[in-house]
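To start, the structure under review is shown below, and the notes come after it.
The values are calculated or read from the model by the stated rules, or taken from the named source; none is laboratory data. Remember, it's a predicted structure, so these values are computed and weren't measured experimentally. Heads up, the Cβs are rebuilt from the backbone with ideal geometry, glycines too, and the neighbour counts pull from every protein chain shown.
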Amino acid sequence: MFGLVRIIPPSCPRLSRASVLAATVAAAAPACSPAQAGILDPAPAYPARFSNTALMYDWTGLYVGLNAGGSFGRVQWKSYPDNTSGDVSVSSGVAGGTIGYNVQNLGSFVAGTEFDFDWRGINATVPPASCTPNCEFKSDWVATARLRFGRAFGGFLPYLTGGLSIGDVTMDIVGQPFGTNNSVSFNWTGGAGVEFVINGPLTGKFEYLFVNHTSTACNIECGGFGNINMGLTENIFRAGLNYRLWGR
């Protein structure tokens, strides 16, 4: 009675492998966009580091400067005619100038050379019996030629220093009845200091120097009875300003 009806499903188009792959990528794109994958994300915000500008300060260069401070010392004397000896305390202000050169080639280590000249007024009265009424010791200036070695901490340079000391010496009897004995003393000096950057090539410093002066003999000018030796040692405390003329 009833015939069988064959139902034929509609044919489906065949998909190529390329079509399948393209469809897969398109479906996954919203979940794997470049922004979500971190490709275009901004760099993470790390805490800001301190500025290292000061660490890059280079001490190399030629500089000139001014300094001022005080000298505190003692004049030691020995009278050979009467075999007596002693010492006298002295002090004076100091003021002068400086020229030097630093080189910084080994990281933070700084080496340099410096010459300075200071005016000051050292006056001492020496009382040996063979020098009547008294002998005098005077020194009007002091100079040093030194090496400096330090280690820089950015704009802060502590250093050690040492070298040659030079100073004038005048000896006589009070009133100078027999003239004056004038000479220049060459000896040694040593000390330490700290230099610091104020602004660019302008630096400040605080410095201590121990200065030893050679003992000098005075005879005719100090009475003529025999040698009276006098020598000065001094402790110089000073502050200064340096200006670097050129560097690298």
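Any residue at all in segment 204-217 that is surrounded by 20 or more Cβ atoms within 10 Å (Cβ to Cβ), touching a Pro at 6+ places or on another chain (Cβ under 9 Å) and not small (Gly, Ala, Ser)? No, segment 204-217 contains no residue that is surrounded by 20 or more Cβ atoms within 10 Å (Cβ to Cβ), touching a Pro at 6+ places or on another chain (Cβ under 9 Å) and not small (Gly, Ala, Ser). Selection of segment 212-240 for residues being assigned to a helix (DSSP H, G or I) and of a type in the set (D, E, K, R) yields only Glu221. The set of residues in segment 50-75 being of a type in the set (Gly, Ala, Ser), over 30 Å from Asp87 (Cα atoms) and modelled with pLDDT of 85 or more consists of Gly61, Gly65.
Listed here are the residues, each with its yes/no results for (1) under 24 Å from the mean Cα position of the chain (by Cα); (2) in a strand (DSSP E or B); (3) surrounded by fewer than 14 Cβ atoms within 10 Å (Cβ to Cβ); (4) acidic (Asp, Glu).
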{"position": "Gly121", "(1), (2), (3), (4)": "no, yes, no, no"}
{"position": "Cys131", "(1), (2), (3), (4)": "no, no, no, no"}
{"position": "Asp140", "(1), (2), (3), (4)": "no, yes, no, yes"}
{"position": "Gly150", "(1), (2), (3), (4)": "yes, yes, no, no"}
{"position": "Thr161", "(1), (2), (3), (4)": "yes, yes, no, no"}
{"position": "Asn182", "(1), (2), (3), (4)": "no, yes, yes, no"}
{"position": "Asn187", "(1), (2), (3), (4)": "yes, yes, no, no"}
{"position": "Gly191", "(1), (2), (3), (4)": "yes, yes, no, no"}
{"position": "Val197", "(1), (2), (3), (4)": "yes, yes, no, no"}
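Whenever a residue of segment 127-147 is within 16 Å of Ser71 (Cβ to Cβ), its partners that are not in a strand (DSSP E or B), lying with C-beta atoms within less than 9 angstrom and at least six residues away or across chains, give the pairs Lys138/Thr180; Ser139/His213; Val142/His213.
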